[in-house]
Amino acid sequence: MNRPPSRPPGSTRSSQSSQSSQSRQSSRRPRTAAPQPYDICYRIDRGSPPPRCRLAVDYDLIRLAEVTAPEKLCGELSAVTRPGERIFMNALPHTPMSQLELDFSAAGRLLRPGGGLRVAVRDPKTVRRIGKLLRAAFAEVQVDRGDGETAYFCRGWRGAPAPANTLALSSTDPRSGRAFTLATRPGLFAYSEVDPGTRLLLDAIGDVAECRTLDLGCGYGIVGLTAAARGARVTLVDSDARAVELARANLAANGLAGEVLLQDGISGLPAASFERVLSNPPTHAGSAKLQELFAGMLRVTVPGGWVALVVRERLNYEKWLCELGEVRRLATAAGYKVLEIRKG
Ligand SMILES: C[S@@+](CC[C@H](N)C(=O)[O-])C[C@H]1O[C@@H](n2cnc3c(N)ncnc32)[C@H](O)[C@@H]1O
């Protein structure tokens, strides 16, 4: 459970400590005052009751959409400019340590003097490593264990600069032979090398020159960028603010033009606006979301256009896709298949 610190940062002990003044107060006030809201909450955990906060921040747009808060920001904590006295964050499972290090540094920079950061960790495998990172970043770290969670309460940021965590990756387009340099980040899909499924997709698709082409779930932009290099007019979409930022930078760094949008699926894109839709889709998103994404891809495709998807060979998405258009297998290799869905 995301409990606020027992004595919230910034709170002061009451100067009226006499028995009579306490009993006067307790007759007027509820016994347990509602916990003070956090100024900033970062990465709300779906598995825990959400802490009250003024500004909710997450780089995952879909996760952020589930949060109720007066103000929201889709981005990393480093994108916040307004300091806070009470900051809360979840160190969610599978978050790379390099991302957490960046986030702790951003939180430290945002803390007002005397303020505190609470970090909740539910994954027992990462508790010690996270504690070590926090002790390196903050002068004072208290630990609070309970309810299947370890919470670290930190004060006094030591002021070390945020570590760099961008990697450079090289990729060559199998068709044109053109080489690209791409910036990636730990935590993004296939950040250390281009995914073999993505390579198969780029190998298998036909001509895209002059076609309005959508890369849905673009990550750091490899598919859209390759299509742009082959002469397509590209739009790249992702729901992860870090991916969108890198995809934009990668297009520019490789001298390519394209539109990059932070959004959930095809929301906001006009129907029948692309001749080609390319995707290595987020298959972990669950059946309902995937079916919504597949239907959306066909909705934005012009009649006569096609969607090309790469998925694991063992997954039977054809059962849904054949209801949306004519399905054909374009390629199979290394446990992946590329499916083409033509819109009639
Ligand atoms: C399998 S990865 C593919 C990334 C990249 N195209 C590649 O081939 O390396 C799927 C991508 O879809 C994004 N994604 C997940 N759900 C999404 C949604 N609802 N709308 C847009 N993008 C989404 C993820 O952030 C991730 O970058």
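The values are calculated or read from the model by the stated rules, or taken from the named source; none is laboratory data. All of these numbers come straight from a predicted model, not from anything done at the bench. Methodologically, a virtual Cβ is constructed for each residue, glycine included, from the backbone with ideal geometry; neighbour enumeration extends over all protein chains shown. Quick note on the areas: whole protein, heavy atoms, side chains included, nothing else; ligands and nucleic acids left out. Shrake-Rupley method; radii C 1.70, N 1.55, O 1.52, S 1.80 Å.
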**Report entry** Evaluation of THR301 against (1) within 14 Å of the ligand (Cβ to nearest atom); (2) more than 21 Å from PRO196 (Cα to Cα) (one fails), failing number
**Finding:** (1)
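Hey, could you check segment 204-242 for residues that are acidic (Asp, Glu) and modelled with pLDDT of 95 or more and say which is nearest to GLU275 (Cα to Cα)? Even if it seems obvious, please write down each step before you answer.
Within segment 204-242, the subset acidic (Asp, Glu) is 207, 210, 215, 238, 240.
Cutting the leftovers down to modelled with pLDDT of 95 or more gives us 210, 215, 238, 240.
On the way: GLU210: 9, ASP215: 12, ASP238: 19, ASP240: 25 Å.
Per the stated criteria, the residue is GLU210.
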Query - Unique match (being under 19 Å from the mean Cα position of the chain (by Cα) and either open to solvent by less than 20 Å² (accessible area, probe 1.4 Å) or closer than 30 Å to GLU85 by Cβ (or both)) among ARG185, ARG118, ARG128 - result: ARG185
Query raised in the report: Based on what the data block shows, is ARG109 open to solvent by 30 Å² or more (accessible area, probe 1.4 Å), touching a residue at least 40 places away in the same chain (Cβ under 8 Å) and farther than 18 Å from SER239 by Cα?
Result: yes
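Determine, yes or no, whether ARG86 is surrounded by fewer than 20 Cβ atoms within 10 Å (Cβ to Cβ), at pLDDT 95 or above, farther than 15 Å from ARG158 by Cβ and basic (Lys, Arg). So that I can check it myself, show each step before the final result.
Numbers: surrounded by fewer than 20 Cβ atoms within 10 Å (Cβ to Cβ): no; at pLDDT 95 or above: yes; farther than 15 Å from ARG158 by Cβ: yes; basic (Lys, Arg): yes.
Judged against the criteria, ARG86 is not a match.
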Query - Near pairs, Cβ below 8 angstrom, 6+ apart or cross-chain, from segment 198-218 (closer than 21 Å to GLU292 by Cα and within 7 Å of the ligand (Cβ to nearest atom)) to any residue that is in a strand (DSSP E or B) and polar (S, T, N, Q) - result: ASP215/THR235; ASP215/SER279; LEU216/SER279; GLY217/SER279
Query raised in the report: Are any of the residues in segment 58-68 at positive phi and either at pLDDT below 95 or away from the ligand (no atom under 16 Å from the Cβ) (or both)?
Result: no
Query raised in the report: Which condition does TYR191 not pass, out of (1) within 19 Å of the chain's Cα centre (by Cα); (2) open to solvent by less than 60 Å² (accessible area, probe 1.4 Å), if it passes all the others?
Result: (2)
Query raised in the report: Residues in segment 133-145: is at least one over 21 Å from GLY84 (Cα atoms), in contact (Cβ under 8 Å) with a residue 60 or more places away in the chain and in a strand (DSSP E or B)?
Result: yes
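So if I check each of ARG312, ARG248, ARG233, which one is within 12 Å of the ligand (Cβ to nearest atom), among the charged types (D, E, K, R) and surrounded by fewer than 22 Cβ atoms within 10 Å (Cβ to Cβ)?
On the way: ARG248 fails: within 12 Å of the ligand (Cβ to nearest atom); ARG233 fails: within 12 Å of the ligand (Cβ to nearest atom).
Matching residue, one of ARG312, ARG248, ARG233: ARG312.
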Query raised in the report: Hey, does segment 157-179 have a residue that's surrounded by 17 or more Cβ atoms within 10 Å (Cβ to Cβ) and more than 30 Å from VAL223 (Cβ to Cβ)?
Result: yes
